[in-house]
1. Relative to the first principal axis of the alpha-carbon coordinates of chain A, what is the inclination of helix A:425-438, with its axis defined by its Cα atoms, in degrees from 0 to 90 and to the nearest 10?
2. Using a simple spin-label model with points 7 Å from Cα along the Cα→Cβ vector, what separation in nm is obtained for residue A:315 and residue A:277?
3. Under the Kirkwood approximation for Rh and a Cα-based Rg, what ratio Rg/Rh is obtained for segment A:425-484?
4. Per-residue mean of other chain beta-carbon atoms within 10 angstrom of the beta-carbon, peptide A:279-288?
5. In units of 2.2 N^0.38 Å, what is the alpha-carbon radius of gyration of segment B:265-314?
6. Using only the Cα atoms of segment A:361-457, build the gyration tensor, take square roots of its eigenvalues as a ≥ b ≥ c, and label the shape rounded, prolate or oblate: rounded if a/c is under 1.5, else prolate if a/b is larger than b/c, else oblate.
7. Counting every Cα pair in chain A, what percent are over 43 Å apart?
8. Could you give the length gained on full extension between residue A:459 and residue A:3, defined as 0.36 nm per residue of separation minus the Cα-Cα distance, in nm?
């Protein structure tokens, strides 16, 4: 059967903002603390308490919305969204309903073929997170309210993504942006970012277009689960359509969870329940009015965004797109590269140190490259040593590894480990002479200029390196051979 | 003269001067509470030992020559919808009967800082919803002037405690008249300040955009004394007015100074439906002002009549949301009969809330429901704006508005409980001030033939409580209604 289909995905994303305190009270944000120890009367919804807006959270939201090219509302308010759930102590969530703090933006996402794609942002608004219910205590459930009141930025995209890879790319790009801006740690494992894809298919069948019912996949918190769950839904929806012919209708949107063990989605709610959240303006909070001065001040905190920086690194320094993307995974690594290169170091050399040895070490330690603790001064020195031939590329890698474990300078490490290359022509010349005398056959092959020449060259070079215990500068050895043979 | 006859201010002066010991005042008032409160029922909880301890501490400070606060040693009662670490904070509801607040309300902190001695928590209509204190889920308070009658509400316990001399001053809260109306029924002075003048932090919310804490006292000077303590900006309440927009003045400073060229506005059509004896008392009061040189003008308040309808949409909508947190999950009453979490909610609430609270939660939930929001809540907000404009226009022409507090004097216990709508309609004169956010005071202005007190309501522009108190004091100086005591 001839079936063609187009994948349609929109995302709803929740980002925890890395403010010092909660959205409407003075409790410090904390992850992994003992249950209910980071709470106060306000965030546990005691009688008589009142919320006070966290200005930093608002500024972080504006900054993020600006990075997503959104229009910033100069007047917004807070609304109460009512529903009963044990993790919601007031039984309403303070959110923004009809006047979100921003709307109408877009995000450029880098695709694997080196191009970028623009995905529309419908709106971004600020709200408070709920607590957490746990059901591991046998006969009863328990509620931990440490998370209750954490500032949460909700971002809703247009359904502009057309493949699981694009959805994943958007998630990764957004993570990179919030980390660059410093508005969120973006730690997926800690639940700093939660993704909810809305997936359906436009199937062309017998010359007609059919739209499958939308599936909303709840609460995804890893890039892998985002990509796999969307891919799974695509297959599932296609199969379902071919079997049953079901198409999108009012009220047949379904909610799915992702089973990470069995790698499949599972149905959570059959029909979109007719929720009535009874939104109304929160009378305990005053509307937020953003003055031009305030907006200008927030705009002044904007940094160069990762994709722009990635493109700049590629064009300005001739780096590959992949290398440029590795360098711009997080802001500190990008800044480390930037600062080192500005010191006059060779960009490609620095790039190689960071994207090869640096990335390998970072992965081993589960940190970012910048998180390894190398400062740009030492990195610049190391690059310069490698450039000048004082150390070999292999030695530079060894030195970098040593640098992250101590505060020692690269030259001190090189000396300590005997990694300085010998560039003393007199000494090397003596070694070359020795090797030439000992290997007449190889010398003859070299001179023959034929196929054997290349092999002989490698052999003779290796002999010299061996005799120098690896400390001779191979470039100089080559030069001397060229002169003599 | 017994120290029980003194006003709060006089008692404070005596205590500060060392002539009366705060501990003696506390002991004396507790003797009276023990005799009369079983009849009056003003208090839900009293803290005799804590009060004595605080009183001794103040006395010791004075004896040592240390400076003391402006309410040094004065025994005060507090409405039981103000959160306090001492004792339970019940809101006169079964759902919070055993609730102990982990924090003190802003005004409690202020009272404590001013060295006041808190005697206990007074009765109210459950969650401040009512006009007679009959909706208390815990006990009945009666009117000290006639114990077969209601004290008014919802701050009925505080008003009755002042009238029966069971404290020297009290705090109440006013969402639609809950300070002014019981003050009127009990023959005491009660002020609802401008919305934003006193921090609501720690006041258990009923209608958040209408609620305001205020004093109930024996005279106008005592109200000014308490306002000096409780008014002012609090960063914990986003709706509390900032110091640069409306700094809290010294309310006592100019109190005795009459206002020259006072212009009083009256709204002629509002007299319809007022009990004749109440109307006569208001007319007599206006004559006294006139005799002092005040000019009386008539103003139109075309939207005043919509206040009750508007109020019962806005207040109940906010209440339905504010009271959602009493669910048996985190604190308060939890049902013993739950099979799942939905039962925890529905049964805990069914068992914990009284009828009037349920009625208002349902009204508010309905008004906010999708499909009805525009027709009810949104329209009510528009009407509220029109009412606010009525006041703005009135205050452009006059210094204050004068009208009754309530169309009648205190009614019989049980007289109106069968007809909630009749009860709602009696709030016609007090509700508009809450919708507009303006301050209003009730002061005694006479008695009906049955010997029941009548209240005079004076309203003024936002954040002009200092002038409002001066206007009230002008009248009070000419009369002795406020000095009368019920024959308990």
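1. Roughly 70 degrees, rounded to the nearest 10.
2. Between residue A:315 and residue A:277, the simple spin-label model gives 4.1 nm.
3. Result: Rg/Rh = 0.94.
4. 5
5. Output field value: 1.40.
6. Since a/c reaches 1.5 and a/b is larger than b/c, the shape of segment A:361-457 is classed as prolate.
7. Across chain A, Cα pairs with separations above 43 Å total 34 percent.
8. Full extension of this stretch gives 158.1 nm more.
All of the numbers you see were taken from the coordinates with simple rules; none came from a lab. Please read these numbers as outputs of a predicted model, since none were measured by experiment. Every residue, glycine among them, receives a Cβ derived from its backbone with ideal geometry; neighbour counts consider all protein chains shown.
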